[in-house]
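The structure under discussion appears below in the form of C-alpha coordinates.
The values are calculated or read from the model by the stated rules, or taken from the named source; none is laboratory data. None of these values were measured; they are calculated from a predicted model. Cβ sites come from the backbone with ideal geometry, for glycine too, and all protein chains shown count toward neighbours. Ligands, DNA and RNA are excluded from the accessible area calculation, which covers all protein heavy atoms including side chains. Shrake-Rupley method; radii C 1.70, N 1.55, O 1.52, S 1.80 Å.
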Amino acid sequence: KGKYNWKNYEAKPLQEELRAETQRFGRVLKWISRLEFLTIFMSIDFILKLCRFSDDFRFRMVYPLVALFFGTGNQTPNVSAAVIARVFLDKSLSIFDYDPDYLLNQTPANIAFDDLANFYEKMKSSMEAAKVQFHMGQRVSSIERAGKVFLTLEAALEAWRAGSDQLGGKYPLKGGGDGCSSQHAASQVKMASEVKAANGFTATVAAKVLEFDEVIMCCPANVSRDILGSGANFLERRVLSSVQYFFDLTVTHTDTEYMKRHNEVDDRAIYFIKTYQEEPASLEMGFELTAYQPALQGLRAAGERIYQTIFLDKNRSHLWTVNDLDPGKVVDRAWWSAFSHTYEHFRWVVPWVWTIQGNRHTWYAGSWTLFNTHDIAISSGLAVAHRLGAPYPFAHNELAAATFDTVLNAGHLRWRQ
(Lines give C-alpha, C1' and ligand atoms only; values in the text may rest on other atoms or scores of the structure.)
Protein backbone atom coordinates (compact mmCIF):
# COMPACT_ATOMS: atom_id res chain seq x y z
CA LYS A 1 0.00 0.00 0.00
CA GLY A 2 1.10 3.60 -0.50
CA LYS A 3 4.30 4.42 -2.37
CA TYR A 4 5.38 0.77 -2.47
CA ASN A 5 2.17 -0.48 -4.08
CA TRP A 6 2.47 -2.17 -7.46
CA LYS A 7 0.27 -4.44 -9.53
CA ASN A 8 0.47 -6.83 -12.45
CA TYR A 9 -2.46 -5.24 -14.31
CA GLU A 10 -1.60 -1.52 -14.26
CA ALA A 11 1.63 0.48 -14.16
CA LYS A 12 2.50 2.06 -10.81
CA PRO A 13 5.17 4.66 -9.88
CA LEU A 14 7.35 2.06 -8.13
CA GLN A 15 7.63 0.02 -11.34
CA GLU A 16 8.52 3.12 -13.34
CA GLU A 17 11.11 4.16 -10.76
CA LEU A 18 12.77 0.73 -10.76
CA ARG A 19 12.46 -0.05 -14.47
CA ALA A 20 16.23 0.12 -15.11
CA GLU A 21 16.86 -2.37 -12.30
CA THR A 22 14.06 -4.60 -13.58
CA GLN A 23 15.71 -4.76 -17.00
CA ARG A 24 19.12 -5.45 -15.47
CA PHE A 25 17.53 -8.16 -13.32
CA GLY A 26 16.55 -10.01 -16.49
CA ARG A 27 20.16 -10.12 -17.65
CA VAL A 28 21.37 -11.28 -14.22
CA LEU A 29 18.76 -14.06 -14.21
CA LYS A 30 20.19 -15.46 -17.44
CA TRP A 31 23.68 -15.57 -15.97
CA ILE A 32 22.39 -17.19 -12.80
CA SER A 33 20.72 -19.82 -14.98
CA ARG A 34 23.86 -20.44 -17.05
CA LEU A 35 25.94 -20.87 -13.90
CA GLU A 36 23.32 -22.97 -12.10
CA PHE A 37 25.90 -25.55 -11.00
CA LEU A 38 27.35 -22.77 -8.81
CA THR A 39 24.39 -20.49 -8.08
CA ILE A 40 22.30 -23.37 -6.72
CA PHE A 41 24.48 -23.07 -3.60
CA MET A 42 24.20 -19.27 -3.29
CA SER A 43 21.34 -17.19 -1.90
CA ILE A 44 19.50 -14.80 -4.18
CA ASP A 45 20.16 -11.98 -1.71
CA PHE A 46 23.91 -12.59 -1.94
CA ILE A 47 23.79 -12.39 -5.74
CA LEU A 48 21.56 -9.29 -5.88
CA LYS A 49 23.67 -7.49 -3.29
CA LEU A 50 26.79 -8.45 -5.23
CA CYS A 51 25.21 -6.94 -8.35
CA ARG A 52 24.29 -3.80 -6.38
CA PHE A 53 20.50 -4.00 -6.64
CA SER A 54 18.66 -1.58 -4.36
CA ASP A 55 16.79 -2.54 -1.19
CA ASP A 56 13.54 -1.34 -2.74
CA PHE A 57 13.92 -3.60 -5.75
CA ARG A 58 14.86 -6.61 -3.66
CA PHE A 59 12.43 -6.24 -0.75
CA ARG A 60 9.52 -4.47 -2.44
CA MET A 61 9.36 -6.26 -5.79
CA VAL A 62 11.35 -9.49 -6.23
CA TYR A 63 11.01 -11.16 -2.83
CA PRO A 64 7.29 -10.44 -2.28
CA LEU A 65 6.45 -11.71 -5.77
CA VAL A 66 8.36 -14.97 -5.33
CA ALA A 67 7.03 -15.49 -1.79
CA LEU A 68 3.44 -15.00 -2.91
CA PHE A 69 3.45 -17.47 -5.78
CA PHE A 70 5.96 -20.06 -4.58
CA GLY A 71 5.42 -20.21 -0.84
CA THR A 72 8.98 -19.27 0.10
CA GLY A 73 7.70 -16.95 2.85
CA ASN A 74 10.08 -14.89 4.95
CA GLN A 75 13.01 -17.04 3.84
CA THR A 76 12.89 -15.73 0.26
CA PRO A 77 16.14 -13.68 0.55
CA ASN A 78 17.92 -16.91 1.50
CA VAL A 79 16.42 -19.00 -1.30
CA SER A 80 18.86 -20.47 -3.80
CA ALA A 81 19.57 -18.01 -6.62
CA ALA A 82 19.23 -20.80 -9.19
CA VAL A 83 15.71 -21.56 -7.94
CA ILE A 84 14.71 -17.90 -8.32
CA ALA A 85 16.04 -17.94 -11.89
CA ARG A 86 13.93 -21.01 -12.65
CA VAL A 87 10.87 -19.35 -11.14
CA PHE A 88 11.15 -16.64 -13.79
CA LEU A 89 12.69 -18.48 -16.75
CA ASP A 90 11.82 -22.19 -16.58
CA LYS A 91 8.61 -22.79 -18.55
CA SER A 92 7.90 -25.99 -16.60
CA LEU A 93 8.01 -24.13 -13.28
CA SER A 94 7.06 -20.52 -13.88
CA ILE A 95 3.50 -19.30 -13.33
CA PHE A 96 4.19 -16.02 -15.12
CA ASP A 97 6.67 -14.60 -17.63
CA TYR A 98 9.34 -12.13 -16.63
CA ASP A 99 8.54 -8.65 -17.95
CA PRO A 100 11.54 -6.34 -18.56
CA ASP A 101 9.56 -3.19 -17.83
CA TYR A 102 7.18 -4.10 -15.00
CA LEU A 103 8.64 -7.42 -13.70
CA LEU A 104 5.16 -8.95 -13.96
CA ASN A 105 2.62 -7.75 -16.50
CA GLN A 106 0.14 -10.56 -16.95
CA THR A 107 -2.66 -12.26 -15.04
CA PRO A 108 -2.24 -16.05 -14.72
CA ALA A 109 -5.38 -18.13 -15.14
CA ASN A 110 -6.80 -19.53 -11.91
CA ILE A 111 -8.14 -23.08 -11.77
CA ALA A 112 -9.89 -24.30 -8.62
CA PHE A 113 -11.80 -27.49 -7.84
CA ASP A 114 -15.49 -26.98 -7.26
CA ASP A 115 -15.99 -29.20 -4.17
CA LEU A 116 -12.81 -30.67 -2.70
CA ALA A 117 -14.62 -32.67 -0.03
CA ASN A 118 -16.63 -34.46 -2.73
CA PHE A 119 -13.54 -34.78 -4.94
CA TYR A 120 -11.50 -36.52 -2.25
CA GLU A 121 -14.42 -38.69 -1.15
CA LYS A 122 -14.76 -39.99 -4.72
CA MET A 123 -11.02 -40.71 -4.82
CA LYS A 124 -11.26 -42.51 -1.50
CA SER A 125 -14.20 -44.65 -2.66
CA SER A 126 -12.43 -45.52 -5.90
CA MET A 127 -9.27 -46.56 -4.07
CA GLU A 128 -11.19 -48.59 -1.49
CA ALA A 129 -12.80 -50.48 -4.36
CA ALA A 130 -9.25 -51.40 -5.39
CA LYS A 131 -8.59 -52.86 -1.90
CA VAL A 132 -6.81 -49.79 -0.50
CA GLN A 133 -7.40 -49.35 3.24
CA PHE A 134 -7.68 -45.97 4.98
CA HIS A 135 -7.08 -45.47 8.69
CA MET A 136 -8.71 -42.12 9.38
CA GLY A 137 -8.30 -40.24 12.64
CA GLN A 138 -5.06 -42.06 13.37
CA ARG A 139 -1.37 -41.43 13.03
CA VAL A 140 1.81 -43.49 12.88
CA SER A 141 3.60 -43.22 16.21
CA SER A 142 6.55 -45.53 15.54
CA ILE A 143 8.11 -47.83 13.01
CA GLU A 144 10.10 -51.02 13.36
CA ARG A 145 12.13 -52.30 10.42
CA ALA A 146 13.17 -55.91 10.85
CA GLY A 147 12.87 -57.67 7.50
CA LYS A 148 9.26 -56.56 7.26
CA VAL A 149 8.09 -53.07 8.23
CA PHE A 150 5.82 -52.74 11.27
CA LEU A 151 3.90 -49.50 11.83
CA THR A 152 2.22 -48.67 15.13
CA LEU A 153 -0.96 -46.57 14.82
CA GLU A 154 -2.52 -44.56 17.59
CA ALA A 155 -5.24 -41.94 17.89
CA ALA A 156 -4.33 -38.63 16.28
CA LEU A 157 -4.07 -35.58 18.51
CA GLU A 158 -7.42 -33.91 19.14
CA ALA A 159 -6.09 -30.58 17.85
CA TRP A 160 -4.60 -32.14 14.70
CA ARG A 161 -6.02 -30.58 11.51
CA ALA A 162 -5.38 -31.32 7.85
CA GLY A 163 -2.08 -33.01 8.58
CA SER A 164 -0.73 -30.18 10.72
CA ASP A 165 0.05 -29.94 14.42
CA GLN A 166 -2.18 -27.18 15.83
CA LEU A 167 0.25 -26.34 18.65
CA GLY A 168 -2.18 -27.40 21.34
CA GLY A 169 -5.09 -25.58 19.72
CA LYS A 170 -3.71 -22.18 20.83
CA TYR A 171 -3.94 -19.25 18.44
CA PRO A 172 -2.74 -15.63 18.93
CA LEU A 173 -6.21 -14.16 18.31
CA LYS A 174 -8.05 -11.96 20.76
CA GLY A 175 -11.35 -13.50 21.85
CA GLY A 176 -14.91 -12.48 21.17
CA GLY A 177 -15.57 -14.00 17.77
CA ASP A 178 -17.07 -17.43 17.16
CA GLY A 179 -14.18 -18.34 14.87
CA CYS A 180 -11.47 -17.61 17.41
CA SER A 181 -13.15 -18.55 20.68
CA SER A 182 -12.51 -21.51 22.92
CA GLN A 183 -15.96 -22.82 21.99
CA HIS A 184 -14.96 -22.97 18.33
CA ALA A 185 -11.79 -24.88 19.21
CA ALA A 186 -13.86 -27.25 21.35
CA SER A 187 -16.29 -27.87 18.50
CA GLN A 188 -13.41 -28.83 16.21
CA VAL A 189 -12.10 -31.27 18.82
CA LYS A 190 -15.58 -32.78 19.03
CA MET A 191 -15.72 -33.15 15.24
CA ALA A 192 -12.30 -34.85 15.21
CA SER A 193 -13.44 -37.26 17.91
CA GLU A 194 -16.59 -38.11 15.93
CA VAL A 195 -14.54 -38.86 12.82
CA LYS A 196 -12.27 -41.21 14.76
CA ALA A 197 -15.22 -42.90 16.45
CA ALA A 198 -16.91 -43.43 13.07
CA ASN A 199 -13.78 -45.23 11.95
CA GLY A 200 -13.74 -47.50 14.99
CA PHE A 201 -10.87 -45.76 16.75
CA THR A 202 -11.56 -44.29 20.16
CA ALA A 203 -9.44 -43.45 23.18
CA THR A 204 -10.22 -46.88 24.62
CA VAL A 205 -9.00 -48.79 21.58
CA ALA A 206 -5.47 -50.15 21.86
CA ALA A 207 -2.83 -49.11 19.37
CA LYS A 208 -2.76 -51.09 16.12
CA VAL A 209 0.32 -52.64 14.56
CA LEU A 210 0.30 -53.10 10.78
CA GLU A 211 2.79 -55.14 8.74
CA PHE A 212 4.08 -54.12 5.29
CA ASP A 213 6.68 -55.20 2.77
CA GLU A 214 7.56 -51.60 1.90
CA VAL A 215 6.57 -48.25 3.39
CA ILE A 216 6.47 -44.85 1.66
CA MET A 217 6.75 -41.86 4.00
CA CYS A 218 4.57 -39.24 2.26
CA CYS A 219 4.88 -36.71 5.06
CA PRO A 220 7.11 -33.80 6.08
CA ALA A 221 10.75 -34.67 6.69
CA ASN A 222 10.58 -33.74 10.38
CA VAL A 223 7.58 -36.04 10.88
CA SER A 224 9.46 -38.89 9.18
CA ARG A 225 12.43 -38.23 11.46
CA ASP A 226 10.23 -38.37 14.57
CA ILE A 227 8.56 -41.60 13.45
CA LEU A 228 11.90 -43.31 12.76
CA GLY A 229 13.18 -42.34 16.20
CA SER A 230 16.30 -44.18 17.31
CA GLY A 231 15.92 -46.56 14.36
CA ALA A 232 17.11 -43.90 11.90
CA ASN A 233 20.56 -44.47 10.46
CA PHE A 234 23.23 -41.77 10.09
CA LEU A 235 22.15 -40.58 6.64
CA GLU A 236 18.46 -40.54 7.55
CA ARG A 237 19.21 -38.45 10.63
CA ARG A 238 21.37 -35.99 8.68
CA VAL A 239 19.10 -35.56 5.66
CA LEU A 240 15.73 -35.49 7.42
CA SER A 241 16.98 -33.20 10.19
CA SER A 242 18.43 -30.74 7.67
CA VAL A 243 15.01 -29.74 6.32
CA GLN A 244 13.99 -26.53 8.12
CA TYR A 245 10.32 -25.89 8.91
CA PHE A 246 8.49 -22.73 9.95
CA PHE A 247 5.02 -22.45 11.50
CA ASP A 248 2.60 -20.06 9.79
CA LEU A 249 -0.93 -19.05 10.78
CA THR A 250 -3.79 -18.82 8.27
CA VAL A 251 -6.86 -16.84 9.32
CA THR A 252 -10.01 -17.01 7.18
CA HIS A 253 -12.19 -13.93 7.71
CA THR A 254 -14.67 -11.45 6.25
CA ASP A 255 -12.93 -8.32 7.55
CA THR A 256 -12.83 -6.13 4.44
CA GLU A 257 -11.88 -3.12 6.58
CA TYR A 258 -8.71 -4.92 7.73
CA MET A 259 -7.80 -5.70 4.13
CA LYS A 260 -8.32 -2.07 3.10
CA ARG A 261 -6.17 -0.79 5.97
CA HIS A 262 -3.26 -3.00 5.02
CA ASN A 263 -3.65 -3.40 1.24
CA GLU A 264 -5.04 -1.62 -1.79
CA VAL A 265 -8.38 -3.35 -2.45
CA ASP A 266 -9.94 -2.49 -5.83
CA ASP A 267 -12.18 -5.47 -6.67
CA ARG A 268 -9.64 -6.69 -9.22
CA ALA A 269 -6.80 -7.94 -7.04
CA ILE A 270 -7.02 -11.56 -5.91
CA TYR A 271 -3.60 -11.88 -4.25
CA PHE A 272 -2.18 -9.43 -1.73
CA ILE A 273 1.19 -9.20 -0.07
CA LYS A 274 2.37 -6.71 2.52
CA THR A 275 5.93 -5.90 3.57
CA TYR A 276 6.38 -4.92 7.20
CA GLN A 277 7.90 -1.45 7.26
CA GLU A 278 10.05 -2.15 10.34
CA GLU A 279 11.47 -5.34 8.81
CA PRO A 280 11.16 -5.38 4.99
CA ALA A 281 12.35 -9.00 4.73
CA SER A 282 9.17 -10.10 6.56
CA LEU A 283 5.86 -10.43 4.78
CA GLU A 284 2.13 -11.02 5.20
CA MET A 285 0.12 -12.69 2.44
CA GLY A 286 -3.58 -12.47 1.64
CA PHE A 287 -6.12 -13.87 -0.81
CA GLU A 288 -9.69 -13.11 -1.72
CA LEU A 289 -11.26 -16.58 -1.81
CA THR A 290 -14.55 -15.35 -3.28
CA ALA A 291 -12.68 -14.15 -6.37
CA TYR A 292 -11.56 -17.59 -7.55
CA GLN A 293 -13.27 -20.36 -5.58
CA PRO A 294 -16.22 -21.60 -7.70
CA ALA A 295 -18.34 -22.49 -4.67
CA LEU A 296 -18.10 -18.89 -3.42
CA GLN A 297 -18.97 -17.04 -6.63
CA GLY A 298 -22.57 -16.54 -5.47
CA LEU A 299 -21.39 -14.75 -2.35
CA ARG A 300 -19.21 -12.39 -4.37
CA ALA A 301 -22.09 -11.59 -6.71
CA ALA A 302 -24.10 -10.64 -3.62
CA GLY A 303 -21.34 -8.28 -2.47
CA GLU A 304 -19.88 -10.53 0.24
CA ARG A 305 -16.15 -11.17 0.52
CA ILE A 306 -14.16 -13.94 2.21
CA TYR A 307 -10.42 -13.54 2.66
CA GLN A 308 -7.51 -15.55 3.95
CA THR A 309 -4.57 -13.80 5.56
CA ILE A 310 -1.38 -15.76 6.19
CA PHE A 311 0.90 -14.60 8.99
CA LEU A 312 4.34 -16.01 8.28
CA ASP A 313 6.85 -17.55 10.70
CA LYS A 314 5.72 -17.89 14.31
CA ASN A 315 9.20 -16.80 15.41
CA ARG A 316 8.46 -13.35 13.97
CA SER A 317 4.94 -13.08 15.40
CA HIS A 318 5.90 -9.82 17.15
CA LEU A 319 5.46 -8.21 13.72
CA TRP A 320 2.03 -9.70 13.03
CA THR A 321 -1.06 -7.49 12.83
CA VAL A 322 -3.38 -10.43 13.54
CA ASN A 323 -5.03 -8.60 16.44
CA ASP A 324 -6.11 -5.81 14.11
CA LEU A 325 -8.70 -8.28 12.79
CA ASP A 326 -12.27 -7.93 14.01
CA PRO A 327 -12.78 -11.11 16.12
CA GLY A 328 -16.43 -11.24 15.10
CA LYS A 329 -15.40 -11.59 11.46
CA VAL A 330 -12.98 -14.49 11.93
CA VAL A 331 -14.34 -17.62 10.23
CA ASP A 332 -11.49 -20.01 10.95
CA ARG A 333 -7.80 -20.22 11.84
CA ALA A 334 -5.21 -22.93 11.47
CA TRP A 335 -1.51 -23.45 12.02
CA TRP A 336 0.48 -25.11 9.24
CA SER A 337 4.15 -25.63 8.57
CA ALA A 338 6.23 -25.01 5.48
CA PHE A 339 9.82 -25.97 4.76
CA SER A 340 12.51 -23.52 3.82
CA HIS A 341 13.93 -23.32 0.28
CA THR A 342 17.15 -21.68 1.36
CA TYR A 343 20.38 -22.37 -0.49
CA GLU A 344 21.31 -24.66 2.40
CA HIS A 345 18.44 -26.97 1.40
CA PHE A 346 20.30 -27.54 -1.86
CA ARG A 347 23.55 -28.21 -0.02
CA TRP A 348 22.43 -30.57 2.73
CA VAL A 349 19.15 -32.13 1.55
CA VAL A 350 18.51 -32.34 -2.19
CA PRO A 351 21.90 -33.86 -3.22
CA TRP A 352 21.57 -36.59 -0.58
CA VAL A 353 17.92 -37.69 -0.77
CA TRP A 354 18.86 -40.58 -3.07
CA THR A 355 21.08 -42.05 -0.33
CA ILE A 356 18.12 -42.76 1.97
CA GLN A 357 15.65 -44.07 -0.64
CA GLY A 358 14.80 -47.75 -0.15
CA ASN A 359 16.89 -48.14 2.99
CA ARG A 360 15.39 -51.03 4.99
CA HIS A 361 12.29 -51.00 2.77
CA THR A 362 11.61 -47.32 3.53
CA TRP A 363 10.98 -44.69 0.84
CA TYR A 364 10.41 -40.94 0.99
CA ALA A 365 8.12 -38.68 -1.02
CA GLY A 366 7.06 -35.06 -0.72
CA SER A 367 7.97 -31.68 -2.13
CA TRP A 368 10.74 -31.36 0.49
CA THR A 369 12.80 -33.82 -1.57
CA LEU A 370 13.35 -31.04 -4.13
CA PHE A 371 11.18 -27.90 -4.31
CA ASN A 372 7.83 -26.87 -2.86
CA THR A 373 5.31 -27.29 -5.70
CA HIS A 374 2.33 -29.61 -6.02
CA ASP A 375 3.77 -31.02 -9.25
CA ILE A 376 6.99 -32.09 -7.55
CA ALA A 377 5.15 -33.50 -4.52
CA ILE A 378 2.96 -35.69 -6.75
CA SER A 379 5.87 -36.68 -8.99
CA SER A 380 7.92 -37.72 -5.95
CA GLY A 381 5.23 -40.25 -5.04
CA LEU A 382 5.05 -41.50 -8.61
CA ALA A 383 8.85 -41.82 -8.62
CA VAL A 384 8.76 -44.17 -5.63
CA ALA A 385 5.97 -46.18 -7.27
CA HIS A 386 8.15 -46.42 -10.37
CA ARG A 387 11.08 -47.68 -8.30
CA LEU A 388 8.78 -50.35 -6.90
CA GLY A 389 7.79 -51.52 -10.38
CA ALA A 390 4.82 -49.39 -11.45
CA PRO A 391 4.92 -47.84 -14.94
CA TYR A 392 4.78 -44.05 -15.17
CA PRO A 393 1.18 -43.27 -16.28
CA PHE A 394 1.59 -39.84 -17.89
CA ALA A 395 4.36 -40.39 -20.43
CA HIS A 396 2.10 -38.87 -23.11
CA ASN A 397 2.22 -35.49 -21.33
CA GLU A 398 5.55 -33.88 -22.19
CA LEU A 399 5.53 -31.29 -19.37
CA ALA A 400 4.43 -33.78 -16.70
CA ALA A 401 7.00 -36.34 -17.88
CA ALA A 402 9.78 -33.74 -17.76
CA THR A 403 8.93 -32.90 -14.15
CA PHE A 404 8.76 -36.60 -13.27
CA ASP A 405 12.15 -37.26 -14.87
CA THR A 406 13.71 -34.38 -12.92
CA VAL A 407 12.34 -35.71 -9.63
CA LEU A 408 13.36 -39.30 -10.42
CA ASN A 409 16.88 -38.19 -11.39
CA ALA A 410 17.40 -35.88 -8.39
CA GLY A 411 15.76 -37.98 -5.70
CA HIS A 412 16.75 -41.49 -6.84
CA LEU A 413 19.62 -41.16 -9.34
CA ARG A 414 17.49 -43.25 -11.70
CA TRP A 415 16.11 -42.80 -15.19
CA ARG A 416 12.65 -43.68 -16.42
CA GLN A 417 12.38 -47.17 -17.91
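Considering only protein heavy atoms and a 1.4 Å probe, what is the carbon-and-sulfur percentage of the accessible area of the range 301-355? Write down the numbers at each step before the final one.
Numbers: 1220 of 2410 Å².
Taking all protein chains in place, the range 301-355 shows 51 percent carbon and sulfur surface.
Taking the simple approach of a point 7 Å from Cα along Cα-to-Cβ for both Lys49 and Arg238, what is their distance in nm?
Placing both labels 7 Å beyond Cα along the Cβ direction yields 2.8 nm.
Just the accessible area per residue of the chain, please: how many Å² with a 1.4 Å probe?
Values: 21120 Å² over 417 residues.
Solvent-accessible surface per residue comes out at 51 Å².
Cβ neighbours within 10 Å, averaged per peptide: list 296-306, 374-384 in order, most packed at the top.
Numbers: 296-306: 13.2, 374-384: 20.2.
Ranked by mean Cβ neighbours within 10 Å, highest first: 374-384, 296-306.
Calculated from DSSP H runs of 4 or more alone, at -39500 (n - 2.57) each and per residue, what is the 222 nm mean residue ellipticity of the chain, nearest 500? If you can, show how the numbers build up before the last one.
Values: 15 runs with 141 residues, N = 417.
After summing the helix terms and dividing by residue count, I get -9500 deg cm²/dmol.
Quick one: order Trp352, Trp6, Trp415, Trp31 from most to least accessible surface, probe 1.4 Å.
Values: Trp352 115, Trp6 45, Trp415 175, Trp31 150 Å².
Listed by decreasing accessible area, they come as Trp415, Trp31, Trp352, Trp6.
How much length is gained if the chain between Asp97 and Arg19 is pulled fully straight, taking 0.36 nm per residue apart and subtracting their Cα-Cα distance, in nm to one decimal? Spell out each step's value before the answer.
Details: separation 78, 0.36 × 78 = 28.08 nm, distance 1.60 nm.
My answer for the length gained is 26.5 nm.
Using a simple spin-label model with points 7 Å from Cα along the Cα→Cβ vector, what separation in nm is obtained for Lys30 and Thr373?
2.2
Give the ranking of Trp348, Trp336, Trp320, Trp354 by solvent-accessible surface, highest area first, calculated with a 1.4 Å probe. Could you put the intermediate results ahead of the total?
Numbers: Trp348 130, Trp336 75, Trp320 30, Trp354 105 Å².
Descending order: Trp348, Trp354, Trp336, Trp320.
Between Ser230 and His135, take the C-beta separation as r, use R0 = 35 Å, and let me know the FRET efficiency to the nearest 0.05.
Details: r = 24 Å, r/R0 = 0.69.
The calculated FRET efficiency here is 0.90.
Under a GNM of the chain (C-alpha, springs under 10 Å), which listed residue has the highest mean-square fluctuation: Leu228, Leu50, Leu116?
Leu116
Just to be sure I understand: if I project the alpha-carbon convex hull of the chain onto a plane and average over all orientations, what area do I get in nm²? Kindly include the intermediate steps, with their values, before the conclusion.
Numbers: hull surface 87.2 nm².
Mean orientational projected area (the chain, Cα hull): 21.8 nm².
May I ask you to rank Tyr392, Tyr63 by accessible area, largest first, using a 1.4 Å probe over the protein chains only? Intermediate values should be presented prior to the final figure.
Details: Tyr392 30, Tyr63 5 Å².
Descending order: Tyr392, Tyr63.
Springs between alpha-carbon pairs under 10 angstrom, Gaussian network model over the chain: which of Pro391, Pro280, Pro100 fluctuates most?
Among Pro391, Pro280, Pro100, the largest mean-square fluctuation in the Gaussian network model of the chain belongs to Pro391.
Evaluate the distance, in nm, between pseudo-label points positioned 7 Å from the Cα of Glu144 and of Phe119 along their respective Cα→Cβ axes.
4.0
When the chain is modelled as a GNM with alpha-carbon springs shorter than 10 Å, which of Asn118, Asn105, Asn222 fluctuates the most?
Asn118
Could you pull the accessible area for Lys148 with a 1.4 Å probe, rounded to 10 Å²?
Accessible area, nearest 10 Å²: 80 Å².
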